[in-house]
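Okay, structure first, notes after.
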Amino acid sequence: MPGECEVQERNGRQLSRWALLREDIECVLERDPAARTRIEVFCTYPGLHALLIHRFAHGLWGRKAKFTARFVSFLARMVTNIDIHPGATIGRRFFIDHGAGVVIGETAEIGDDVTLYHEVTLGGTSLSKGKRHPTLEDGVLVGAGAKILGPVRVGSRANVGANSVVISDVPAGMTVVGIPGRIVLPPEARRITKHGIDLDHHLMPDPVGKALHCMSERIVQLEARLAALEHRPEGEVECVHCSDPCGTSAAELFQLEETSR
C-alpha cells in the first residue's frame, strides 16, 4: 500500500500528495471560468477542501482506523457541506464545482478527470455490505442535482444531465437525461423532422416525442393518399397490391367479382 504522503498511479509509479494538489488546482482553473488564481482556488473552493480531507481519511480507512476516518469525514462534511465516505475510491483531477449537497457513498468508484456539480448523489440501493454504489469511469460529467443509484457503471466520457436519475448502466460517450435516465441518441442517429414540427426539442428525444413523431409522419402519409383519392376520376379505384390506379371502373370490378363466385 502507498505511504501516507503518496498515491499509487495506474502505471505503478508513486505520485506525491503535493503533485496531486497541483493537479487538482490546475483542473479547477481549466474547468471553472470563474476561477482566477491558484491561491483563490486553494482558499475558497470547498470541493477542493473536501477532496484533500478525503484523501487523508481514505488513507486512515485503508489502515483499518475506521472510526477515525469516519470522524474526519464528518468534520469535513460540517465544513464543506460535501459528504464523501472515507471508503470511496477517487482518482486524479477530480473536480466538485460549488459542492453543496454532494453525497458519495462507501463503495463508489470514481476514475480520473471526473466532474460533479452541486447536489449530486452517488447512492446505494441495497442493504448488502458489498458493492452497492456507482462506478464512474474516466472523464464522466454529472450535472447539478443528478442521482446515480446502485452498482451501475457510467462509461468513460459519458454525461449525466442535471436532475437525472440513473439506475442502469450508461455506455461510454453517451448522454443521459430525465427520470428515469434515458440515453440521448448521438447526432448521426437522430431523426430529423421533415414536416415543420421539431419534436426532438433541444436534441433530447423521449418516447412520447418519438410516438408523436410517428403519428405526425402517418398523418402526412394519410393526407397525401386522401388528396390523391379526391383527385381521382369517378369510378376509378386503387389497386390492392400496388400504389398506382389500375383504371378498372367500379362496375367492371363488381362484374368480375360476381363472375368469380
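Read-outs: derived from the displayed coordinates by stated rules, not from any lab. Just so you know, these numbers come straight off a predicted model, no measurement behind them. Don't worry about glycine lacking a Cβ; one is built from the backbone with ideal geometry, like all the others, and counts go over all protein chains shown.
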*Please find, within the range 18-38, the residue that is nearest to residue 96 (Cα to Cα) out of those that are out of contact with any helix residue (DSSP H, G or I) (no Cβ under 9 Å at 6 or more places or on another chain) and hydrophobic (A, V, I, L, M, F, W, C).*
27
_Listing of helices (runs of 4 or more DSSP H) fully contained in the range 8-116 that carry 3 or more residues being within 30 Å of residue 130 (Cβ to Cβ) and of a type in the set (Lys, Arg)_ = 66-80
*Mind checking which residues of the range 119-173 are crowded, with 18+ Cβ neighbours inside 10 Å, in contact (Cβ under 8 Å) with a residue 24 or more places away in the chain and assigned to a strand (DSSP E or B)?*
121, 122, 135, 136, 141, 142, 147, 148, 149, 166
*Out of all the residues in the range 74-93, is one or more among the aromatic types (Phe, Trp, Tyr) and farther than 18 Å from residue 116 by Cα?*
yes
*Got a number for residues in the range 133-173 being charged (D, E, K, R) and touching a Gly at 6+ places or on another chain (Cβ under 6 Å)?*
3
